[in-house]
Amino acid sequence: MLRTYLGRAASATRHQTTSFAQSTIKIRRDFSSSRVLAAVAPRADLNINGKKCSIPTGLFINGEFVASQSGSTMPVEDPSTGKELVRVQEGRSEDVDLAVKVARETFEEGSWSFSDPAHRGQLLNRLANILEANLEEITSIECADTGKTFRQASALDVPGSIGTLRYYGGWADKVLGLTSFNIPGAFAYTRREPVGVCGQIIPWNFPLLMFIWKIAPALATGNTVVIKSAEATPLSALKACEYIQQAGFPKGVVNLISGYGKTAGNAIANHMDVDKLAFTGSTTTGRAILKASSESNLKKVTLELGGKSPNIIFPDADLEKAVEWSAWGINMNFGQTCHAGTRIYVHEDVYDKFLEAYTKRMKSIQVGDPFDSTTDQGPQNSKMQYDKILGYIESGKQEGATVSLGGSAIEKPGGGYYIEPTIFTDCKPEMKIMREEIFGPVVAISKFSDEAEVIKHANDTHYGLAAAVHTKDYERAVRVTNALKAGTTWVNMYNFVHWSIPFGGYKESGLGRECGEAALENYTETKAVYLNMGIPAPRG
Ligand code: NAI
Ligand code: MG
């Protein structure tokens, strides 16, 4: 009892008075840097699934859609045909420099970064309202650019983006510091201050959701942002910036660069005036980002990288449900998901039964037009990804695994990057399909006989993003999830992620956590303030 009491007394208490707030909102001045912006970029009117969609194509800098300084543009492809949809402005290092300058001036000027945090929360909620009101439009744009099915994107990607905005909108005025009266002769408190200019680099598998996952906690805490979309999928972020204009965010708070990794991405990662960098993508690029930080200004880095996640079926599992969740484990975004359940381990007692039911379920997956409501799987995101997946399927065949289902590309009359849902069995731990991230609709199934053995196999990977256990025995569920080295674990489900719960990786799957309260740590610096209450200066 006494110990509990002392423990409480010794720890600092949360106190509202040390929150990061200034109540006056100043009128923002115009930026000198905005004068050097190039001409306003044209818009594009696209016909997507029979409806007209108007999309801005410029770089979004200082609240306007502008042309790139080099005048270069880049193609955006529809993966269901392989044809060009539209061209957008391609930003390079000089555009990144300008965006960072604008973001810096906006941050330092203070009317955003030191604004009433409740106002920032209201703006995030307003952006959520606009997404909600334009659900069909933004979903259509996302599906045309990525190949996602309309059904999946309208049930997951867009509602997930709206939920994330509302969640961080709620946090904005609840990020508080600590107070401590526990130091004899001194009083101390902490302030949670925004980090500053945040560079953010996102991938092509969840373009809108990753855009929102990145900007929402950064904006809630008063940072300004220079974000780069993936070259394969720039459209939904461009549209979202138009919604950001409509929501009334101050100019310069969000700046978006469409561009390539080696040019624009590299410029953000190496920039001397970017304070923090958040990245989602491949482990290889994650290493390059960390190196760029160490060789430039030691900007704080969070990384959300790849995975090779195990999905374990114990003999007492509800097999019907395990089959459904394991199918979703790979069907979500057609395997182009960092936490996809790509290594399935099935106990020998139920192996044959599971394999039969699972093969039947995977055979029922309808592959086709992303906008058809009966489609379960669209095209893979790009030619690069399509070739990569087919290369892995070929390596599995050559290394001696058995193709139990699929194993080939699907030719459609209209073209496109379609691949059959594929099951490999007779998989050995050393095979490439068991070790490397395929990022496609391909699973490798192995048999196991006891719990300790399967835990060892499950953890035998450089990755550590996610893992799942299917069992009715709750003691086993807790024991095994405790033993799995992964940032997210599931019991009797798969591929379920909520914006309020921390998400990130062990081992080479990343650094830090996104989502939940954890993400607020990434976007705030804690400043300690000591006030002397009578301590005399020591003498040396
Ligand atoms: P990537 O890691 O190269 O691309 C992700 C983002 O990083 C893009 O915006 C890209 O432009 C940018 N980028 C690339 N090189 C950069 C550099 N040197 N400096 C700064 N930014 C850079 O991934 P990629 O090539 O598109 O896909 C390759 C594989 O990576 C996929 O097959 C998949 O296995 C994995 N991947 C994992 C993702 C995840 O969610 N964890 C997302 C995307 C890819
Ligand atoms: Mg595309």
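So that you can scan it fast, the table gives a plain yes or no per residue for (1) closer than 26 Å to ALA144 by Cβ; (2) within 16 Å of ligand 2 (Cβ to nearest atom); (3) of a type in the set (Gly, Ala, Ser); (4) in the same structural domain as ASP318 (by TED's automatic domain parsing):
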position	(1), (2), (3), (4)
ALA357	no, no, yes, yes
LYS363	no, no, no, yes
ASP372	yes, no, no, yes
ASP376	yes, no, no, yes
ASN381	yes, yes, no, yes
LEU390	yes, no, no, yes
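Across region 67-101, the qualifying residues are those that are more than 15 Å from LYS228 (Cα to Cα) and more than 16 Å from ligand 2 (Cβ to nearest atom), and the one among them that is surrounded by the fewest Cβ atoms within 10 Å (Cβ to Cβ) is GLY71. Of all the numbered requirements in (1) near ligand 1 (Cβ under 10 Å from one of its atoms); (2) surrounded by 18 or more Cβ atoms within 10 Å (Cβ to Cβ); (3) assigned by TED's automatic domain parsing to the domain that holds PHE150; (4) assigned to a helix (DSSP H, G or I), PHE279 misses one, and that requirement is (4). Scanning region 374-393 for residues that are hydroxyl-bearing (Ser, Thr, Tyr) and part of a helix (DSSP H, G or I) yields TYR386, TYR392. If you check GLY505, GLY540 for being crowded, with 20+ Cβ neighbours inside 10 Å and in a loop (DSSP other than H, G, I, E, B), only one passes: GLY505. The selection criterion, being under 12 Å from PHE371 (Cα atoms), among the charged types (D, E, K, R) and more than 19 Å from the chain's Cα centre (by Cα), holds for GLU136. Residues in region 211-229 that are closer than 17 Å to SER161 by Cα and either assigned to a strand (DSSP E or B) or in contact with a Pro (Cβ under 6 Å, 6 or more places away or on another chain) (or both): ILE227, SER229.
With respect to ASP145, is the statement that it is assigned to a helix (DSSP H, G or I), within 16 Å of ligand 1 (Cβ to nearest atom) and touching a strand residue (DSSP E or B) at 6+ places or on another chain (Cβ under 7 Å) true?
Details: assigned to a helix (DSSP H, G or I): yes; within 16 Å of ligand 1 (Cβ to nearest atom): yes; touching a strand residue (DSSP E or B) at 6+ places or on another chain (Cβ under 7 Å): yes.
In short, yes.
Checked against (1) without any contact (Cβ under 8 Å) to a residue 40 or more places away in the chain; (2) under 20 Å from ALA322 (Cα atoms), SER408 passes all but a single condition, namely (2). Give me the residue from region 460-487 that is assigned to a helix (DSSP H, G or I) and free of Cβ contacts under 8 Å to residues at least 60 places away in the same chain and, out of that set, nearest to ligand 2 (Cβ to nearest atom). That would be THR481. A Cβ distance below 6 Å, combined with a sequence gap of six or more or placement on separate chains, defines the contacts here; from region 82-111, residues that are among the β-branched types (Val, Ile, Thr) reach residues that are in a helix (DSSP H, G or I) in the pairs VAL96/ALA264; VAL96/ALA267; VAL96/ILE268; VAL102/SER33. Being in contact (Cβ under 8 Å) with a residue 12 or more places away in the chain, farther than 26 Å from PRO370 by Cβ and surrounded by 15 or more Cβ atoms within 10 Å (Cβ to Cβ) is not true of GLY416.
Just one of ARG166, ARG120, ARG104, ARG87 is of a type in the set (Lys, Arg), away from ligand 1 (no atom under 16 Å from the Cβ) and within 21 Å of the chain's Cα centre (by Cα); which is it? Among ARG166, ARG120, ARG104, ARG87, only ARG166 is of a type in the set (Lys, Arg), away from ligand 1 (no atom under 16 Å from the Cβ) and within 21 Å of the chain's Cα centre (by Cα). Starting from residues that are within 16 Å of ligand 1 (Cβ to nearest atom) and in a loop (DSSP other than H, G, I, E, B), keep the ones in region 63-81 and report whichever is nearest to ASP145 (Cα to Cα). Taking the candidates together, the pick is PRO79. Restricting attention to region 394-413, the residues being part of a loop (DSSP other than H, G, I, E, B) and either surrounded by fewer than 17 Cβ atoms within 10 Å (Cβ to Cβ) or among the basic types (Lys, Arg) (or both) number 6. Per the listing ALA477, ALA466, the residue uniquely closer than 15 Å to ILE344 by Cβ and surrounded by 17 or more Cβ atoms within 10 Å (Cβ to Cβ) is ALA466.
When THR375, THR302, THR359 are checked against the criterion of being within 26 Å of TRP204 (Cα to Cα) and surrounded by fewer than 21 Cβ atoms within 10 Å (Cβ to Cβ), a single residue qualifies: THR375. Among the residues of region 178-223, those identified as within 15 Å of ligand 1 (Cβ to nearest atom) and either aromatic (Phe, Trp, Tyr) or not assigned by TED's automatic domain parsing to the domain that holds GLU132 (or both) are TRP204, PHE206, PHE211, TRP213. Within region 310-326, being under 30 Å from the mean Cα position of the chain (by Cα), crowded, with 16+ Cβ neighbours inside 10 Å and more than 24 Å from THR461 (Cβ to Cβ) holds for one residue alone: GLU324. Taking the criterion of being in contact with a Ser or Thr (Cβ under 9 Å, 6 or more places away or on another chain) and aromatic (Phe, Trp, Tyr), the only residue of region 443-488 that qualifies is TYR463.
Report, ordered by the first and then the second residue, all pairs with beta carbons closer than 8 Å, sequence separation of six or more or different chains, a first member in region 126-148 that is within 16 Å of ligand 2 (Cβ to nearest atom), and a second member that is of a type outside the set (Phe, Trp, Tyr) and modelled with pLDDT under 95. That search, which allows pairs on different chains as well, returns SER140/ASN49; SER140/LYS51; CYS143/ASN49; ALA144/ASN49. If you go through region 245-262 one residue at a time, do you hit one that is within 16 Å of ligand 2 (Cβ to nearest atom) and over 18 Å from ARG92 (Cα atoms)? No: region 245-262 contains no residue that is within 16 Å of ligand 2 (Cβ to nearest atom) and over 18 Å from ARG92 (Cα atoms).
When each of GLY222, GLY196 is tested for being surrounded by fewer than 24 Cβ atoms within 10 Å (Cβ to Cβ), under 19 Å from PHE249 (Cα atoms) and in contact (Cβ under 8 Å) with a residue 40 or more places away in the chain, the lone residue that passes is GLY196.
The values are calculated or read from the model by the stated rules, or taken from the named source; none is laboratory data. On a predicted model such as this, the values are computed, not experimentally measured, just so you know. FYI the Cβ positions are ideal-geometry reconstructions off the backbone, even for glycines, and counts take in every protein chain you see.
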